[in-house]
Amino acid sequence: MSLICYSTDRKISVDQFIDLLKRSTLAERRPVQDHVRIEKMLMHANILITAWDGDLLVGISRALSDFAFCCYLSDLAVDENYQHKGIGKELINKTHEVANEQDAQLILLAAPKAVNYYPKIGMEQFKECFVIRRKS
Ligand SMILES: CC(C)(COP(=O)(O)OP(=O)(O)OC[C@H]1O[C@@H](n2cnc3c(N)ncnc32)[C@H](O)[C@@H]1OP(=O)(O)O)[C@@H](O)C(=O)NCCC(=O)NCCS
């Protein structure tokens with residue numbers, strides 16, 4: 001494995017995104033069978049941080065922010081072959097940096113597999129968090 005490069009502005013295709021979701025296992029919890037929905041997810045996110053090993057996409061953080069108060073990190077995924085090397089942590093740091101870490105609070109919902117991950121990297125768990133579930 002060579003040096004991992006991070007990008008804050010590189011565009012990716014729907015197929016690249018789906019492929020990484022599968023390689024990270026997050027595909028189990030994302031609508032990867034619905035190309036149009038995944039396309040909308042990519043199109044409307046305003047922060048997309050990617051991690052690359054050469055031309056291979058190995059990590060992603062997809063988030064929505066107003067760059068002034070809040071930042072919702074929706075999808076954090078690292079290729080299984082590249083996990084436990086600090087890529088996830090770096091993707092979160094860069095997401096917060098791009099969202100304006102001075103003023104914007106980063107918020108996310110942990111997937112069951114990652115519940116123990118976020119406290120480990122210094123994130124605070126909030127019991128005051130509420131959700132209205134999607135109907136689909
Ligand atoms: C969760 C995920 C993004 C973490 O990415 P990563 O690059 O492997 O994480 P890092 O290397 O930054 O890990 C930092 C620390 O957390 C630990 N850690 C990593 N994954 C963990 C997990 N699932 N549970 C508990 N701790 C974990 C690492 O051991 C590391 O600690 P250490 O280096 O002090 O031992 C990655 O495992 C992943 O894509 N998982 C599948 C998809 C998923 O669940 N995404 C989250 C959606 S909310």
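The values are calculated or read from the model by the stated rules, or taken from the named source; none is laboratory data. Being a predicted model, the structure only gives us computed values, none of them experimental. Cβ placement follows ideal geometry from the backbone for every residue including glycine, while neighbour counts extend to all protein chains displayed.
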**Prompt:** Of the residues that sit in the stretch 2-44 and are among the β-branched types (V, I, T) and away from the ligand (no atom under 15 Å from the Cβ), which one is farthest from the chain's Cα centre (by Cα)?
**Reply:** V36
**Message:** Quick check on Y82: is it among the aromatic types (F, W, Y), in contact (Cβ under 8 Å) with a residue 60 or more places away in the chain and closer than 19 Å to Y118 by Cα?
**Reply:** yes
**Item:** All positions within the stretch 66-85 that are in contact with a strand residue (DSSP E or B) (Cβ under 6 Å, 6 or more places away or on another chain) and of a type in the set (D, E, K, R)
**Value:** D75, D79
**Request:** Would you tally the residues in the stretch 98-112 being surrounded by fewer than 13 Cβ atoms within 10 Å (Cβ to Cβ), under 14 Å from the mean Cα position of the chain (by Cα) and either more than 8 Å from the ligand (Cβ to nearest atom) or part of a helix (DSSP H, G or I) (or both)?
**Result:** 0
**Request:** Restrict the check to the stretch 68-84 and report whether at least one residue is modelled with pLDDT of 95 or more, closer than 21 Å to R10 by Cβ and more than 12 Å from the ligand (Cβ to nearest atom).
**Result:** yes
**Asked** When you scan the stretch 11-58, how many residues do you find that are more than 15 Å from I87 (Cβ to Cβ) and either part of a loop (DSSP other than H, G, I, E, B) or among the aromatic types (F, W, Y) (or both)?
**Response** 12
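Given the structure, is T50 closer than 26 Å to E101 by Cβ and free of Cβ contacts under 8 Å to residues at least 60 places away in the same chain? Reasoning before the result, please.
On the way: closer than 26 Å to E101 by Cβ: yes; free of Cβ contacts under 8 Å to residues at least 60 places away in the same chain: yes.
Spelling it out, T50 is indeed closer than 26 Å to E101 by Cβ and free of Cβ contacts under 8 Å to residues at least 60 places away in the same chain.
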